[in-house]
Every structure is written in structure tokens, then in C-alpha cells.
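Enquirer: Take this structure, written in C-alpha cells, and hold onto it; I'll ask about it next.
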Amino acid sequence: MPAAEFVDCDIHITVPSTETLVPYLDDYWREHVLRRGIDGDNLEVSAYPPFAPINCRPDWKPAKGMPASKFDHLRDHVLEPFNPRAVNNWIAAEFLDRDPRLRASIVVPVHSPERAVAEIEHRAADHRFVQVLMFSLTELPLGRRQHWPIYEAAERLGLPIGIHAGSSFRHPPSALGWPSYYIEDYVSQAPGFAGTLNSLVTEGVFQKYPRLKVVLIESGVTWLPAYLWRINKTWRGVRSETPWLNRPPSEIIRQHVRLTVQPFDDPPAAAQVQTILDEIGSDEMLLFSTDYPHWHFEGTDAIPPGLPKALLPRLLFDNALATYQRLN
């Protein structure tokens with residue numbers, strides 16, 4: 001890892017149980033949780049089984065409890081070895097208040113745009129919250145106008161939209177239905193991100209909100225070139241259908257969309273990485289991430305092999321500062 005300062009754009013923390021959140025709920029919900037006896041259940045929504053091998057490196061697993069569920073885990077595993085700059089009440093109290101290097105995402109109820117906007121506006125006063133977090137696979141495609149109030153609030157307050165791999169579990173991750181195995185779900189996430197990009201671009205979100213930035217978190221990277229070719233080619237044939245798209249979709253995506261670098265699906269030869277970067281066509285799109293505590297690399301070797309050294313300053317620092325206004 002280069003000695004220069006850098007920004008880690010994808011770190012996971014885990015809510016260990018519903019009981020943990022009880023002190024941070026308002027009176028109404030605290031009473032309901034305790035009265036119904038569900039404080040002992042774990043209602044954490046996660047598309048990733050926490051104890052599957054790929055989802056937590058062996059040396060990052062605690063002796064007891066859930067991975068990445070305590071500040072001590074995060075400090076010992078990420079903050080001290082990597083030394084980066086980096087649900088809402090709980091995150092602020094249990095993590096942000098304990099280390100000035102940490103920043104967080106605003107978790108919002110996407111199915112209720114008016115409540116999502118209210119939460120964004122409430123949290124925006126705390127500049128340690130630097131983006132709005134959404135899932136890639138939700139009840140409706142993310143470009144639909146139902147979600148536009150969220151984008152308006154985010155643009156107005158200078159907050160990117162972070163779109164993370166995962167689902168609200170109202171629809172299967174595959175177009176053919178619910179999978180049988182974890183590998184099917186995991187591999188289906190990349191096509192899911194492609195569908196999300198289709199929706200955001202073709203519905204005109206970036207024309208309506210020209211200052212909005214979107215960060216695809218844990219989407220992978222190497223699927224992007226073929227996707228850009230295909231959406232450009234198809235747009236040329238049916239461009240009268242979306243007249244508000246006055247330039248190729250790839251240009252819109254390069255301007256507005258960023259991707260975290262882990263997990264990076266390495267090609268067979270390291271030299272092919274340069275080809276992928278050339279095909280993406282921008283050195284501003286990639287953001288450094290460890291994807292902690294998921295298991296994508298060993299030790300502190302978080303930079304994918306084959307990336308040119310000339311790209312590292314942008315990857316590690318500059319692109320994040322350009323994306324997240326609140327880091328400046």
C-alpha cells in the first residue's frame with residue numbers, strides 16, 4: 001500500500017441485533033419492539049450471509065459475535081493497518097463519535113420517498129454523513145420518478161447516491177426467479193447493477209439533476225466496458241424513444257457514475273487490466289475500497305494487481321475528494 005493518504009469508500013459495519021438499536025429508537029418504536037418481544041431477533045437486512053467464507057476473512061472474524069459489529073473490530077482491522085480518511089443514530093453514536101477518520105452513509109426508507117427526504121434533511125446537518133445509501137435491487141427500478149425526491153434532496157445538499165449490492169427482497173435477484181445457491185445470487189448482482197444504470201440513464205435522472213453523482217458500491221468493475229458498448233449501440237437505434245438523451249449514454253455515465261474497486265474480478269493476465277481501463281475510458285470513475293470485512297484480498301494488499309501506478313493518486317484520494325464534497 002502506498003504511504004500516501006487515501007479514502008476507503010466501502011466499509012461494512014454490522015448491526016449485531018435488534019436489541020442493540022433499542023436505545024436509539026424513538027418512543028413509539030421502542031415500545032413496540034419491547035412489547036412484541038422482537039428485541040432478541042436480528043432483523044438486519046443483508047443479501048450476504050455473514051458467516052459465508054467469502055463474506056468475512058478468517059483473520060477478521062471475531063471470537064464471538066458478528067463480523068464488523070463493534071468499533072474495536074473496525075479500528076483494529078481497518079483504521080490502524082490502513083489508516084484511511086474515511087442504522088443512523090447508532091452509527092453516529094457508536095462509530096462516528098469514536099474516531100474522526102470515519103464517515104457514514106444515510107440509510108433511508110426508499111419505499112417512502114417523503115420519509116427518505118426527511119431523514120436526508122435531518123442527517124445532512126451532520127457533515128460526517130457524506131452520501132445517501134440505497135440498494136441496487138429495489139421494489140421499482142431506481143430511475144422511476146417515485147425516487148426523484150430523494151435525488152433532488154441529495155443534489156441540493158451535495159450528497160452522492162451510494163448504490164450498494166443487495167436487495168429489498170421483494171423481487172428475486174435473477175430475471176428467472178429465486179436462485180438455489182449463494183453463488184447464483186452473488187454473480188447476479190453485476191447484471192442487477194447494469195439494470196440499475198439502464199434505469200437511471202434512460203429515465204433521465206442525470207438530465208433532471210445534472211450535479212448528481214452516483215457511486216456503485218461492490219458492483220465489480222470489469223463488466224462495465226461491454227455494458228457501455230451495448231447501451232451506446234442500442235441507444236443509436238432507438239434514440240427517438242428517449243429524446244432527452246442528447247449524447248451517448250457512456251458519456252453520461254462517465255460524468256456521473258463512480259465505482260468502488262473491490263471486488264475486482266481480475267482477468268487471467270495482469271496486462272489485461274490496462275485494456276479494461278482503456279475501454280472504460282476514464283481515470284475518474286474508480287474509487288479505492290477494501291470492502292471490509294468481505295474476503296477479496298489478503299493482508300493490506302487491497303489494490304488490484306495490474307493497475308498502473310499513474311492511476312493510484314486518483315484511485316486512492318483524488319477521485320473520492322471530487323465525488324464526496326464533504327471530505328474537502
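Enquirer: If you look for lysine pairs in the chain that are eight or more places apart or on different chains, how many of them have Cα atoms under 29 Å apart? Could you put the intermediate results ahead of the total?
Expert: Working: K61/K70; K208/K233; K213/K233; K213/K309.
Eligible lysine pairs with Cα atoms under 29 Å apart amount to 4.
Enquirer: Counting other Cβ atoms within 10 Å of each Cβ, which trypsin sites (Lys or Arg not before Pro) in the range 235-325 have at most 12 and sit in a DSSP loop? Each step should come with its number before you reach the end.
Expert: Values: sites: R236, R239, R254, R258, K309, R314; in loops: none.
Here no loop site has a sparse enough neighbourhood.
Enquirer: In 20 Å bins starting at zero, report the fraction of Cα pairs in the chain per bin as a rounded %.
Expert: Histogram of Cα-Cα distances, whole percents per bin: 30, 62, 8.
Enquirer: So, one more: Roughly how big is the chain's charge dipole about its Cα centre, with Cβ charges of +1 (Lys, Arg) and -1 (Asp, Glu), in debye to the nearest 20?
Expert: Numbers: 32 positive and 40 negative charges, 185 e Å.
Computed about the Cα centre, the dipole is about 880 debye.
Enquirer: Let me ask something else about it. Determine, for each peptide in 58-67, 145-154, the mean count of other beta carbons within 10 angstrom over its residues, then list the peptides with the highest first.
Expert: Details: 58-67: 13.4, 145-154: 19.3.
With the highest mean Cβ count within 10 Å placed first, the list reads 145-154, 58-67.
Enquirer: Given the DSSP H assignment, sum -39500 (n - 2.57) over each helix run of at least 4 residues in the chain and divide by its residue total; what's the result at 222 nm in deg cm²/dmol, nearest 500? Numbers along the way, then the final one.
Expert: Working: 12 runs with 106 residues, N = 328.
-9000 deg cm²/dmol, from helical runs alone.
Enquirer: Find which of I91, L287, L21 sits farthest along the positive direction of the dipole of the range 18-327, computed with +1 on the beta-carbon of Lys and Arg, -1 on that of Asp and Glu, about the Cα centre.
Expert: Of the listed residues, the answer is L287.
Enquirer: Estimate the FRET efficiency between R115 and A271 by the formula 1/(1 + (r/R0)^6), using the beta-carbon distance for r and 41 Å for R0, to the nearest 0.05.
Expert: 0.25
Enquirer: Excluding I120 itself, what net charge comes from residues whose Cβ is under 12 Å from its Cβ, given Lys and Arg +1 and Asp and Glu -1?
Expert: Combined, the nearby Lys, Arg, Asp and Glu give -3.
Enquirer: Still on this structure, please answer the following. Per residue of the range 243-253, in order, report the coupling 6.51 cos²θ - 1.76 cosθ + 1.60 (Karplus, θ = phi - 60°) as ³J(HN,Hα) in whole Hz, putting x for Gly and Pro.
Expert: In residue order, the calculated couplings are x, 6, 8, 9, 8, x, x, 4, 5, 5, 5 Hz.
Enquirer: Any chance you could check the Cα centroid distance between the range 278-328 and the range 230-248 for me, in angstrom?
Expert: Their Cα centres are 30 Å away from one another.
No value in this document is a laboratory result; all are computed from the given coordinates. Because the structure is a prediction, the values reported are computed rather than measured. Glycine gets a Cβ as well: all are built from the backbone with ideal geometry, and neighbour counts include every protein chain shown.
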